[in-house]
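Colleague: Supplied in structure tokens, the structure appears directly below.
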Amino acid sequence: MNFKIATSNIRFDNPNDGIHDWKGRREILAECINEFSPDILGTQEGRENQIKDLAGLLKNLKLIDEHRDWIDERMYPCIYVNPEKINVYESGDIWLSETPSTPGSKSFESAFPRLCTWVKAHHHQSGKDFFYVNTHLDHVLSETRSRQIEVLVEECNKVNDEKLPMILTGDFNESPFEAVRHRLNHHWPELRDTWFMLRKDEEPSHHDFSGHRKEGTRIDWILTSPDFQVIEMEMYKKNKNGVYPSDHYPVFGSFNLKE
């Protein structure tokens with residue numbers, strides 16, 4: 001059964017971004033996501049106003065935020081699903097700190113409070129339940145990201161105790177050849193880097209609104225368990241009159257979900 005996954009760091013609402021400020025690109029971002037028409041979307045770095053703006057512009061996608069008490073000016077990873085195809089029956093947030101149930105908490109010398117958001121959901125066509133996690137790790141220290149991913153793994157194992165088929169997306173702020181991916185390989189060896197499975201070319205996913213960047217790494221990932229057979233992966237690199245949807249390329253993947 002065809003299953004489409006998207007992940008996009010949408011860049012926080014920064015009034016100093018000139019032609020790339022949020023008001024100037026939010027419709028462009030929504031257009032590119034609507035063009036791909038994902039069944040499930042993970043975004044990172046958005047503030048509440050951006051997340052709700054996007055919810056009003058996206059076709060066939062519903063924001064999953066019933067579990068959340070929003071904190072002003074905080075940047076969040078978020079999940080949207082197509083409710084005609086997917087029924088979310090449980091959701092939550094995990095703060096990547098020493099106190100993961102405390103909203104806004106941070107540890108490990110993290111520059112900002114970081115979290116992951118998750119859903120347990122039922123895919124109508126295949127009849128399968130799955131567990132989806134979307135996150136954004138800190139951007140400064142490798143050791144911080146490593147500690148954060150350990151919290152993510154430990155807490156998600158508690159939530160997904162029935163070991164449902166899994167998707168993990170996000171902005172990991174390092175390449176898939178560094179410490180975070182190594183730790184994920186250790187804890188969850190079944191999770192596969194879907195870009196790497198189809199594409200041998202490694203290219204930066206963060207372009208700083210330039211549309212091209214020779215240096216840099218692929219920091220935006222879609223990882224899945226083997227239940228999701230990858231068909232196609234792409235980065236959306238288009239712009240509209242020089243305005244890009246974000247300073248990261250959205251990453252899109254098409255899959256067969258095994259029945």
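Every number here is computed from the coordinates shown, using simple stated rules; none is lab data. Everything numeric here is computed off the predicted structure, so don't read it as measured data. Note that each Cβ is placed from the backbone with ideal geometry, even for glycine, and that neighbours are counted across all protein chains shown.
Colleague: So which aspartates and glutamates pass the test for Lys240, namely a Cα distance under 18 Å, with those fewer than 8 places away in the same chain ruled out?
Modeller: Once the sequence-local aspartates and glutamates are set aside, what remains near Lys240 is Asp17, Asp21, Glu27, Glu31, Glu35, Asp208.
Colleague: Rounded to whole Hz and in sequence order, give me ³J(HN,Hα) for segment 71-84 from the Karplus expression 6.51 cos²θ - 1.76 cosθ + 1.60, θ = phi - 60°, writing x for Gly and Pro.
Modeller: Karplus values, whole Hz, x for Gly and Pro: 10, 3, 6, 7, 9, 10, x, 9, 10, 10, 9, 7, x, 6.
Colleague: Moving on. Cα gyration tensor of segment 1-66, axes a ≥ b ≥ c as square roots of the eigenvalues: rounded (a/c below 1.5), prolate (a/b > b/c) or oblate? Please list the in-between numbers first.
Modeller: On the way: a/c = 2.14, a/b = 1.70, b/c = 1.26.
Since a/c reaches 1.5 and a/b is larger than b/c, the shape of segment 1-66 is classed as prolate.
Colleague: Can you tell me which lysines have their Cα less than 22 Å from the Cα of Lys238? Leave out same-chain residues fewer than eight positions away.
Modeller: Lys4, Lys23, Lys59, Lys200, Lys214
Colleague: Nothing charged except the Cβ atoms of Lys and Arg (+1) and of Asp and Glu (-1): what's the magnitude of the dipole of segment 118-259 about its Cα centre? Round to the nearest 20 debye. Please list the in-between numbers first.
Modeller: Values: 18 positive and 24 negative charges, 67 e Å.
I would put it at about 320 debye.
Colleague: If I stretch the segment between Asp201 and Glu150 completely, what's the gain in nm (0.36 nm per residue apart, minus their alpha carbon distance), one decimal?
Modeller: Details: separation 51, 0.36 × 51 = 18.36 nm, distance 2.84 nm.
15.5 nm is the gain from fully extending Asp201 to Glu150.
Colleague: Right, here's the next one. How high is the relative contact order of segment 2-257, in percent, counting Cα pairs under 8 Å that sit 6 or more residues apart? Present the calculation step by step, with values, prior to reporting the outcome.
Modeller: Numbers: 579 pairs, mean separation 54.2, N = 256.
Result for segment 2-257 is 21 percent.
Colleague: Between Glu174, Glu66, Glu27, find the one with the highest GNM mean-square fluctuation for the chain; connect C-alpha pairs within less than 10 Å.
Modeller: Glu66
Colleague: Which FRET efficiency value, to the nearest 0.05, do you get for Glu90 and Glu143 by plugging their Cβ-Cβ distance into 1/(1 + (r/R0)^6) with R0 = 45 Å? Working shown, then result.
Modeller: On the way: r = 32 Å, r/R0 = 0.71.
Efficiency, rounded to the nearest 0.05: 0.90.
Colleague: Would you work out which of His139, His207, Ser107 lies farthest towards the positive end of the dipole of the chain, given +1 charges on the beta-carbon of Lys and Arg and -1 on that of Asp and Glu, about the Cα centre?
Modeller: Toward the positive end, the furthest listed residue is His207.
Colleague: Of the options His123, Val230, Trp188, report the single residue whose Cα projects farthest towards the positive end of the charge dipole of the chain (beta-carbon charges: Lys, Arg +1; Asp, Glu -1).
Modeller: Looking along the dipole axis, the top candidate is Val230.
Colleague: Rounded, prolate or oblate: pick one for the chain, where a ≥ b ≥ c are the square roots of the eigenvalues of its C-alpha gyration tensor, a/c under 1.5 means rounded, and failing that, prolate if a/b is larger than b/c, else oblate.
Modeller: Working: a/c = 1.22, a/b = 1.10, b/c = 1.11.
Rounded, because the longest to shortest axis ratio a/c is under 1.5.
Colleague: Which number comes out as Rg/Rh for segment 142-209 once both Rg and the Kirkwood Rh are worked out on C-alpha atoms?
Modeller: Working: Rg = 13.2 Å, Rh = 13.4 Å.
Rounded to two decimals, Rg over Rh is 0.98.
Colleague: I would also like to ask the following. What aspartates and glutamates does Lys62 reach when the alpha-carbon gap must be under 14 Å and sequence neighbours fewer than 8 apart in one chain are set aside?
Modeller: Cα-Cα hits under 14 Å: Asp39, Asp53, Glu84.
Colleague: Another question about this same structure. Is there a quick way to get the dipole size of the chain? I mean about its Cα centre, with the Cβ of Lys and Arg at +1 and of Asp and Glu at -1; what is the value in debye to the nearest 20?
Modeller: On the way: 32 positive and 44 negative charges, 112 e Å.
Once rounded to the nearest 20, the dipole reads 540 debye.
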